[in-house]
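See below for the structure under consideration.
The values are calculated or read from the model by the stated rules, or taken from the named source; none is laboratory data. Please read all numbers here as calculations on a predicted model, not as lab measurements. Positions of Cβ are backbone-derived with ideal geometry, glycine not excepted, and every protein chain shown enters the neighbour counts.
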Ligand SMILES: C[S@@+](CC[C@H](N)C(=O)[O-])C[C@H]1O[C@@H](n2cnc3c(N)ncnc32)[C@H](O)[C@@H]1O
């Protein structure tokens with residue numbers, strides 16, 4: 001008997017469609033170049049990827065010897081049938097059917113995850129919370145694409161604030177676009193067709209998230225503005241003893257207290273320069289306000305030491 005999708009089913013189907021964004025090789029190369037020294041002797045897992053199709057698999061097989069990889073593993077999801085497992089050891093590529101669907105949470109995929117040193121992929125955005133939670137539970141190193149909004153998830157923000165996870169190098173327009181299936185609804189999206197005839201959607205709302213060190217997160221943000229003499233440009237919040245800073249580049253060099261900054265600050269966050277204290281809320285647990293009006297999402301930060309700031 002034919003089955004109709006209820007509201008919840010339709011919502012799920014819509015969400016699943018949103019997950020079908022495939023990563024371009026150029027975007028993988030542009031990010032991975034900053035982490036190459038991490039990969040020697042390592043087993044890499046791409047666990048939302050078909051080893052025969054994925055550009056992540058293509059990148060790691062093409063660069064296998066140069067990076068000094070030990071093994072590349074891939075698991076791929078098939079919602080209605082059997083997923084696939086792929087393995088490349090530098091010479092032989094094996095691709096076999098999994099017993100189950102290849103859901104990254106399934107016991108067989110978790111067994112494969114346990115063998116990996118570094119997980120690199122673009123996972124389904126709709127499952128990002130459980131996806132990241134599993135990587136953290138397994139204590140894995142990882143480099144993943146996610147929606148920038150993920151910063152606002154309580155669990156993700158807490159990991160960032162505790163320096164267990166940080167932003168990668170590229171975000172927003174730094175990720176040039178994703179390949180979408182030919183039936184993907186393109187209404188209202190910025191699109192083009194590439195030289196291979198693939199439909200590319202430019203999203204401007206994605207970032208790389210990682211716990212692999214990169215040099216940019218040790219760069220000190222040059223602070224060129226002053227608070228003293230410009231107090232009016234840095235109003236206080238009603239519900240928190242902190243000043244509001246509208247743009248990361250306006251963070252003053254001579255203020256040692258709490259400051260509310262835009263979430264994009266995290267792209268410039270050097271944990272030796274600043275401490276991330278809280279997200280969005282004042283001391284009363286309500287959204288930060290100035291003169292009774294809520295501000296845009298803000299992250300509360302504090303400089304580590306006044307001496308370390310540039311003048
Ligand atoms: C954003 S796409 C990216 C695909 C590929 N990693 C890439 O970057 O080109 C996310 C992929 O995860 C797959 N997926 C959805 N649910 C999954 C699950 N529960 N376990 C594993 N993969 C899943 C989707 O079918 C989709 O192919």
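Filtered by the rule that a residue be part of a loop (DSSP other than H, G, I, E, B), without any contact (Cβ under 8 Å) to a residue 60 or more places away in the chain and under 20 Å from the mean Cα position of the chain (by Cα), the stretch 234-279 gives 262, 270.
Quick check on residue 65: is it surrounded by fewer than 14 Cβ atoms within 10 Å (Cβ to Cβ), modelled with pLDDT of 95 or more and in a helix (DSSP H, G or I)? Explain how you work it out, then say what you get.
Working: surrounded by fewer than 14 Cβ atoms within 10 Å (Cβ to Cβ): yes; modelled with pLDDT of 95 or more: yes; in a helix (DSSP H, G or I): yes.
Here the answer is yes, as residue 65 does meet what is asked.
Would you confirm, using the coordinates I've provided, whether residue 96 is under 14 Å from residue 56 (Cβ atoms) and either in the same structural domain as residue 143 (by TED's automatic domain parsing) or away from the ligand (no atom under 14 Å from the Cβ) (or both)? Against the criterion (under 14 Å from residue 56 (Cβ atoms) and either in the same structural domain as residue 143 (by TED's automatic domain parsing) or away from the ligand (no atom under 14 Å from the Cβ) (or both)), residue 96 does not qualify. Filtering 176, 126 for residues that are part of a helix (DSSP H, G or I), in contact with a helix residue (DSSP H, G or I) (Cβ under 6 Å, 6 or more places away or on another chain), in contact (Cβ under 8 Å) with a residue 60 or more places away in the chain and closer than 21 Å to residue 200 by Cα leaves a single hit, 126.
Looking at the stretch 69-85, is at least one residue near the ligand (Cβ under 8 Å from one of its atoms), part of a loop (DSSP other than H, G, I, E, B) and in contact with a helix residue (DSSP H, G or I) (Cβ under 7 Å, 6 or more places away or on another chain)? Within the stretch 69-85 (the criterion being near the ligand (Cβ under 8 Å from one of its atoms), part of a loop (DSSP other than H, G, I, E, B) and in contact with a helix residue (DSSP H, G or I) (Cβ under 7 Å, 6 or more places away or on another chain)), the answer is no, since none of the residues qualifies. Of all residues in the stretch 139-171, those that are closer than 14 Å to residue 267 by Cβ and without any contact (Cβ under 8 Å) to a residue 60 or more places away in the chain total 2.
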